[in-house]
Each structure stands twice: as structure tokens, then as C-alpha cells.
Amino acid sequence: MPKRLIVAIDGPAGSGKSTSAKLVAQKLNYLYIDTGAMYRAVTYLAMEKNVLQNTDAAIEIAKDSDISLKFIDGITHVWVDGNDITDKIRTPEVNGNVSEISKIKEVREVLVKKQQEYASRNGGVVMEGRDIGTVVLPNADVKIFLNASIEERAKRRTKEFEEKGIHVPLNEVEINIRQRDKIDSTRDVSPLVKALDAVEVDTSKITIEQQVEIILDLIKKAQEKK
Ligand code: DC
């Protein structure tokens, strides 16, 4: 039996993280954790309570809310205190605010702890985000940093919105991604950076199937070394 590993996948919005991480986890029957969904949940709740500008209130929300993730039929479902908010966290409005909430150190501390608990409960895990290989799971067996050109990433996100019936012009999506990239990679706490020991993969010109193959191959090689 191949050893079940801890796999960390990081990268900016639209780099193909979620799609390939999900497929890899399904193929290997590993637990799949989308950490961005947790930051989105806190952002959505702060928007609902009208406290986006209030750091203390956002920290309270992160501490007091029981946020849980469950992967069902290809979708990460997010529950907060028993309510399913899955459809509410992937809107242009949440996209516009999530980087500001993710900058808050104490919010990150609470969510990172939950993420580490998820990983420690299970043998095989694929966790994706921005700081998984650097902060959340620094001892992960396999670390991958996915990237792609901004144009390609904006196209992918616009298409995802279209598929959900949300029409946002391509240039607006690109502006939002540029802003998020900037905030995510320059923030003081756990910025989006490639871990020194991560393998970087440019997904601009490869298919999802090829991405999945590359990741599965890296996992296989790591298993052989164990
Ligand atoms: O992966 P995503 O687009 O759903 O993530 C949404 C935001 O959450 C992203 O702009 C930055 C933040 N995030 C983070 O700061 N750390 C993570 N591990 C995951 C996401």
C-alpha cells in the first residue's frame, strides 16, 4: 500500500489550484481542504454583520463561528453554525473584500489552527491555499506552487462566474485579481510566496488533466522515497 501523504498546493487566484487539488484528492481518496473557503466564510459573515471595517469584530467572528467544510459531489460545502453558506461565498462582492479580512493576523491564527487540525485527523490530505507549504503545513510531504499568467487566470475566473450565471466583464475580474494578488503577496502575515522546497508549475498553457498528472507524479515520487 503506498503511504498516504500530506500534499500542500499554493498559488494565486485562478492558477488552477482548486480544480486540480480536488481531482487529485478524489483520485487518491484523500481528504480535500479548500482553505480559501474559510477566509471567504469569515468575509461573508463580516459583510452580513456590516463590520468589514472593524478588525476586532472580524476576529470575534472567526473565533466564535463554527465553520466546517465538507466535500460533497465535487463541491466544498461550507457551514457556519449549521447554516449552509456555500453559494454565498463565491460572489464578486466576497472576492472584493476577502483579501482585507485575510490580512488580519488573529483571523489567520484561528483558521490556521483549524486547518492543522483537519490535516492531523487524516492520513492523506490535499490542502490548498496561499500559505499551506510555508505556514500551515511546513512539513508537508509534497509542496506545489501553481501559477499562470494574469490574463489566463482572469479568463478562467470570468468563465466560472458565467457558468454560475454571474456576468462580470473580463477587465473587472482582472482588476480584482491584480488587487488580490497584490494584497495577498505583500501582507505582513503569511504572504503568498512559494515555499523554498515547493515545485513551481506554470499552468498557463497546460490542461487540467496535465496538471493533475504532474501532481500525481510528484506524489508518486515522494511515496517511493518514503
Ligand atoms: O483560493 P480563494 O480564491 O478561494 O481564496 C480567497 C482569498 O482568501 C484569497 O484572496 C486570499 C485568502 N486566502 C489566504 O489568505 N490564505 C489561504 N490559505 C487561502 C486563502
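Things worth noting here:
- Residue within the range 63-76 that is open to solvent by less than 20 Å² (accessible area, probe 1.4 Å), out of contact with any helix residue (DSSP H, G or I) (no Cβ under 9 Å at 6 or more places or on another chain) and within 16 Å of the ligand (Cβ to nearest atom) present: no
- Where Glu48 falls short, out of the listed (1) open to solvent by 20 Å² or more (accessible area, probe 1.4 Å); (2) within 19 Å of the chain's Cα centre (by Cα): (2)
- Test result for Val110, part of a helix (DSSP H, G or I), in contact with a Phe, Trp or Tyr (Cβ under 8 Å, 6 or more places away or on another chain), surrounded by 14 or more Cβ atoms within 10 Å (Cβ to Cβ) and of a type in the set (A, V, I, L, M): no
- If you filter the range 176-209 down to residues that are open to solvent by 30 Å² or more (accessible area, probe 1.4 Å) and under 14 Å from Ile9 (Cα atoms), you find that the one that is modelled with the lowest pLDDT is Val193.
- If you go through the range 135-151 and pick out every residue that is assigned to a helix (DSSP H, G or I) and open to solvent by less than 50 Å² (accessible area, probe 1.4 Å), you end up with 2.
- Among the residues of the range 16-54, those that are more than 15 Å from the ligand (Cβ to nearest atom), touching a residue at least 24 places away in the same chain (Cβ under 8 Å) and in contact with a helix residue (DSSP H, G or I) (Cβ under 8 Å, 6 or more places away or on another chain) comprise Leu23, Val24, Lys27, Leu28, Tyr30, Leu31.
- Per this entry, Thr43 is counted among residues that are of a type in the set (Val, Ile, Thr), farther than 11 Å from Met127 by Cα and open to solvent by less than 10 Å² (accessible area, probe 1.4 Å).
- Selection over the range 85-105 of residues that are more than 12 Å from the ligand (Cβ to nearest atom) and open to solvent by 70 Å² or more (accessible area, probe 1.4 Å) gives a count of 3.
- Counted residues, the range 132-166 - those being among the charged types (D, E, K, R) and closer than 24 Å to Lys88 by Cα: 9
- Check on Gln223, in a helix (DSSP H, G or I), surrounded by 12 or more Cβ atoms within 10 Å (Cβ to Cβ), more than 16 Å from the ligand (Cβ to nearest atom) and without any contact (Cβ under 8 Å) to a residue 12 or more places away in the chain: no
- Qualifying residue in the range 123-133 (condition: at positive phi and surrounded by fewer than 20 Cβ atoms within 10 Å (Cβ to Cβ)): no
- Taken residue by residue, the range 153-163 has at least one member that is within 15 Å of Gly36 (Cα to Cα), outside any loop (DSSP other than H, G, I, E, B) and open to solvent by 30 Å² or more (accessible area, probe 1.4 Å).
The values are calculated or read from the model by the stated rules, or taken from the named source; none is laboratory data. Remember, predicted model here, so these are calculated numbers, not experimental data. Backbone-built Cβ (ideal geometry, glycine too); neighbour counts: all protein chains shown. Please note that ligands, DNA and RNA were not included when accessible areas were found on the heavy atoms of the full protein model with its side chains. Shrake-Rupley method; radii C 1.70, N 1.55, O 1.52, S 1.80 Å.
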